[in-house]
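The block underneath contains the structure these notes are about, expressed in structure tokens.
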């Protein structure tokens with residue numbers, strides 16, 4: 001159990017408006033000097049709300065992007081049967097790594113010094129499984145070649161007619177039921193935490209989220225698997241606390257959780273126990289496509305009971321207005337900050353990094369809310385909660401949906417800040433010229449504008465509020481949960497294809 005010292009608590013609760021997860025691979029697109037390494041991404045975060053950088057020291061099939069003392073560094077020990085393009089790519093990475101080492105440093109040290117010089121926090125981010133070996137002719141990591149018994153399966157275990165199945169994608173992942181895997185992973189954590197002055201280590205369970213064999217068969221893991229993973233986290237915590245004591249300053253442990261507690265448990269991750277036993281200091285929630293379908297408020301309530309700060313994940317930017325909307329919802333749910341993943345298209349996305357960490361800055365700025373859909377990604381769907389869309393409409397029967405809005409539209413209207421609220425529905429196999437639909441928001445019927453019909457999708461637009469109407473002080477949309485009822489009218493004979501509601505968007509314009 002972590003010591004509740006004032007220094008440790010201050011470190012745990014330091015300001016993290018935005019945590020940038022940098023997946024590192026892009027650093028080797030021509031970066032063979034420290035300046036080139038930093039110039040691709042991190043220099044763009046200097047004057048933003050990025051207070052912490054979680055830097056992944058692994059990319060691809062277990063390539064280690066630092067001066068690893070236990071295994072080969074990225075680009076070394078090329079495996080037999082590599083495609084020519086892969087050989088060339090790995091040779092370039094190896095040469096760039098060598099150039100950095102010859103300059104007396106390594107990528108992890110470059111990033112660490114950069115962050116600390118600017119007063120930013122820096123965690124090493126550890127991807128708990130990398131599966132890219134599954135579709136390559138040989139293992140990249142020598143440890144996997146020498147110890148195939150530590151993996152979830154063997155090449156050829158799956159049926160070749162199922163290339164997108166979990167068995168096909170994840171057979172090369174480490175099996176956390178094997179103690180040798182724990183030893184290998186903890187060895188890497190020890191290697192970094194004892195040799196580099198990192199502020200902490202992140203256990204990234206989103207990359208990639210299969211840890212035990214029952215998951216490959218579509219079943220929840222057994223209780224013994226849950227205990228095995230908790231045992232692993234306990235070992236990590238114990239070793240990191242030993243290093244913390246030796247170096248004399250806090251060494252924090254963060255973990256990135258899958259979308260919900262239930263999903264985590266089914267895959268072997270017992271976050272409730274980890275929080276109760278104070279095994280982790282920082283909690284990251286969500287990680288892929290589900291966005292505002294993730295039950296962030298539930299995570300916040302649980303973690304805050306144990307004095308653990310919570311950061312909700314952005315997976316890629318959707319544009320500044322959608323980024324503001326998602327950030328506003330996360331802040332309304334009580335998060336301590338936000339965390340970005342695969343979001344580093346600078347300078348295009350710089351504005352988002354200037355805003356999304358502060359709810360006050362985005363409070364009266366335009367936003368674009370959307371309802372999330374069902375996750376179809378074969379490799380990630382099992383770890384995601386589904387959104388409510390798409391849904392098939394039945395003629396004459398209302399379909400009820402709930403959309404969360406963080407903006408206080410009523411107050412904004414009264415203070416003359418709100419310009420317009422615009423809602424759009426997208427319906428598959430719905431032709432606005434011949435079909436009819438009734439829409440109510442919070443019980444009030446809306447009048448739609450003529451829609452478009454293109455590529456089988458009908459788009460309908462509703463404008464329930466503008467500054468030019470006499471409903472100025474009565475916006476239909478409320479802060480919090482909004483009920484949207486959609487009722488399909490009786491259809492003309494000959495219109496037989498089922499109508500699906502595939503998109504709902506709400507734009508709040510200031």
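The values are calculated or read from the model by the stated rules, or taken from the named source; none is laboratory data. Computed from a predicted structure; not experimentally measured. Note that we place each Cβ from the backbone using ideal geometry, even for glycine, and neighbour counts take in every protein chain shown.
Among (1) surrounded by 14 or more Cβ atoms within 10 Å (Cβ to Cβ); (2) in contact with a strand residue (DSSP E or B) (Cβ under 9 Å, 6 or more places away or on another chain); (3) at pLDDT below 95; (4) on the phi < 0 side of the Ramachandran plot, where does residue 123 come up short?
Against the list (1) surrounded by 14 or more Cβ atoms within 10 Å (Cβ to Cβ); (2) in contact with a strand residue (DSSP E or B) (Cβ under 9 Å, 6 or more places away or on another chain); (3) at pLDDT below 95; (4) on the phi < 0 side of the Ramachandran plot, residue 123 comes up short only on (3).
Among the residues of region 142-161 satisfying the criterion of being modelled with pLDDT of 85 or more, surrounded by fewer than 21 Cβ atoms within 10 Å (Cβ to Cβ) and assigned to a loop (DSSP other than H, G, I, E, B), which is farthest from the chain's Cα centre (by Cα)?
Restricting to residues being modelled with pLDDT of 85 or more, surrounded by fewer than 21 Cβ atoms within 10 Å (Cβ to Cβ) and assigned to a loop (DSSP other than H, G, I, E, B), the top hit is 147.
Among helices (runs of 4 or more DSSP H) lying entirely in region 333-442, which contain 3 or more residues that are in the same structural domain as residue 45 (by TED's automatic domain parsing), surrounded by fewer than 15 Cβ atoms within 10 Å (Cβ to Cβ) and within 29 Å of the chain's Cα centre (by Cα)?
In region 333-442, no matching helices (runs of 4 or more DSSP H) lie anywhere.
So, residue 201, is that one on the phi < 0 side of the Ramachandran plot and buried (at least 22 other Cβ atoms within 10 Å of the Cβ) or not?
Yes.
Restrict the check to region 181-195 and report whether at least one residue is assigned to a loop (DSSP other than H, G, I, E, B) and buried (at least 19 other Cβ atoms within 10 Å of the Cβ).
No, because not a single residue in region 181-195 is assigned to a loop (DSSP other than H, G, I, E, B) and buried (at least 19 other Cβ atoms within 10 Å of the Cβ).
From 164, 175, which residue is surrounded by 19 or more Cβ atoms within 10 Å (Cβ to Cβ) and closer than 19 Å to residue 379 by Cβ?
175
How many residues are outside any helix (DSSP H, G or I) and farther than 22 Å from residue 204 by Cα when one looks only at region 300-332? Before you say what the answer is, go through the steps one by one.
Applying the first criterion (outside any helix (DSSP H, G or I)) to region 300-332 yields 306-319.
Adding the requirement that they be farther than 22 Å from residue 204 by Cα leaves 318-319.
Summing the residues that are outside any helix (DSSP H, G or I) and farther than 22 Å from residue 204 by Cα in region 300-332 gives 2.
What is the residue count in region 185-216 for residues that are touching a residue at least 24 places away in the same chain (Cβ under 8 Å) and farther than 29 Å from residue 107 by Cα?
Adding up the residues that qualify gives 4.
Does region 299-341 hold any residues that are under 16 Å from residue 21 (Cα atoms) and without any contact (Cβ under 8 Å) to a residue 40 or more places away in the chain, and which are they?
310, 312, 315, 316, 317
Please tell me if residue 289 is buried (at least 17 other Cβ atoms within 10 Å of the Cβ), assigned by TED's automatic domain parsing to the domain that holds residue 12, under 21 Å from residue 52 (Cβ atoms) and in contact (Cβ under 8 Å) with a residue 24 or more places away in the chain. First the steps, then the outcome.
On the way: buried (at least 17 other Cβ atoms within 10 Å of the Cβ): yes; assigned by TED's automatic domain parsing to the domain that holds residue 12: yes; under 21 Å from residue 52 (Cβ atoms): no; in contact (Cβ under 8 Å) with a residue 24 or more places away in the chain: yes.
No, not satisfied.
Would you point out which residue out of 253, 275 is part of a helix (DSSP H, G or I) and touching a helix residue (DSSP H, G or I) at 6+ places or on another chain (Cβ under 8 Å)?
Only one candidate passes the filter, namely 275.
Looking at region 469-481, is at least one residue touching a residue at least 12 places away in the same chain (Cβ under 8 Å), out of contact with any helix residue (DSSP H, G or I) (no Cβ under 6 Å at 6 or more places or on another chain) and not in a loop (DSSP other than H, G, I, E, B)?
Looking through region 469-481, at least one residue is touching a residue at least 12 places away in the same chain (Cβ under 8 Å), out of contact with any helix residue (DSSP H, G or I) (no Cβ under 6 Å at 6 or more places or on another chain) and not in a loop (DSSP other than H, G, I, E, B).
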